[in-house]
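Beneath this line is the structure, given in structure tokens, with notes to follow.
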Amino acid sequence: MKKKISFIQACIGIYDTYIFDEPTSGVDEPSAIKMLGIVENLKAKGAGILLTSNNLDELERVSDYIYIIEYGKIINEGTVEDIILNNTRTFPPKYTLILEDSPLVVPLLDKISNIELTIINQNRIEIEMIEDNDQIREIIYILLNNNVKFSEFYRSKINLRESVYAQ
């Protein structure tokens, strides 16, 4: 409750700059969503916002520019997009396949070399592979030739948290 009251006090009045120190830590999810909405509205009105947070999903949602600090040192900085794209770690591309019955498809796709399949649920498979158009063509070929009904096949987007904390 103290966090919410402090946040409300900080937002009373019209200022050109606001400072929020982990405003949503320890706050219930519905309140955190409302608080971030208020931060976005202040930003949209032209206010400068300095927000500290350990929640990278929140930062990705509301930030224009981010500094990643580890042990008191800035280890990365930039826009969310820049940090994700320029991260020095490499990410094998992940694709998501949404279909009618994933367990029946796994044996068909297991024959393809250099891919790793993860069944997320009955209708969703995650496929990790080397960036190779031949593999993508082969997956689609197998699906079509075996009359597998699928509704989506797309490359999954890496978010800020995955980019910063990937191992």
Could you identify the single residue in Asp21, Asp101, Asp82 that is free of Cβ contacts under 8 Å to residues at least 60 places away in the same chain, under 30 Å from Asn133 (Cα atoms) and over 21 Å from the mean Cα position of the chain (by Cα)? Asp101
Check Asp16 against each of (1) charged (D, E, K, R); (2) under 20 Å from Leu160 (Cα atoms); (3) in contact (Cβ under 8 Å) with a residue 24 or more places away in the chain and name the one condition it does not meet. (2)
Can you find, within the range 55-71, the residue that is farthest from Phe7 (Cα to Cα) among those that are in contact with an Asp or Glu (Cβ under 7 Å, 6 or more places away or on another chain) and free of Cβ contacts under 8 Å to residues at least 60 places away in the same chain? Tyr67
Can you tell me which residue is modelled with the lowest pLDDT among those in the range 132-167 that are under 20 Å from the mean Cα position of the chain (by Cα) and among the acidic types (Asp, Glu)? Glu162
Restricting to the range 116-157, and then to whatever is touching a helix residue (DSSP H, G or I) at 6+ places or on another chain (Cβ under 6 Å), crowded, with 16+ Cβ neighbours inside 10 Å and of a type in the set (Val, Ile, Thr), can you tell me which residue is nearest to Leu56 (Cα to Cα)? Ile125
Would you confirm whether or not the range 31-46 contains a residue that is exposed (fewer than 12 other Cβ atoms within 10 Å of the Cβ) and hydrophobic (A, V, I, L, M, F, W, C)? yes
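Taking only the range 158-167 into account, find how many residues are surrounded by 11 or more Cβ atoms within 10 Å (Cβ to Cβ) and not aliphatic (A, V, I, L, M).
4
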Yes/no for Leu42 being under 27 Å from Glu126 (Cβ atoms) and either modelled with pLDDT of 90 or more or charged (D, E, K, R) (or both): no
Residue list for the range 58-85, filter: surrounded by fewer than 12 Cβ atoms within 10 Å (Cβ to Cβ) and within 15 Å of Glu162 (Cα to Cα): Glu81, Leu85
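The values are calculated or read from the model by the stated rules, or taken from the named source; none is laboratory data. Not measured: the values here are computed from a predicted model. Counting neighbours? That spans all protein chains shown, and the Cβs are built from the backbone with ideal geometry, glycine included.
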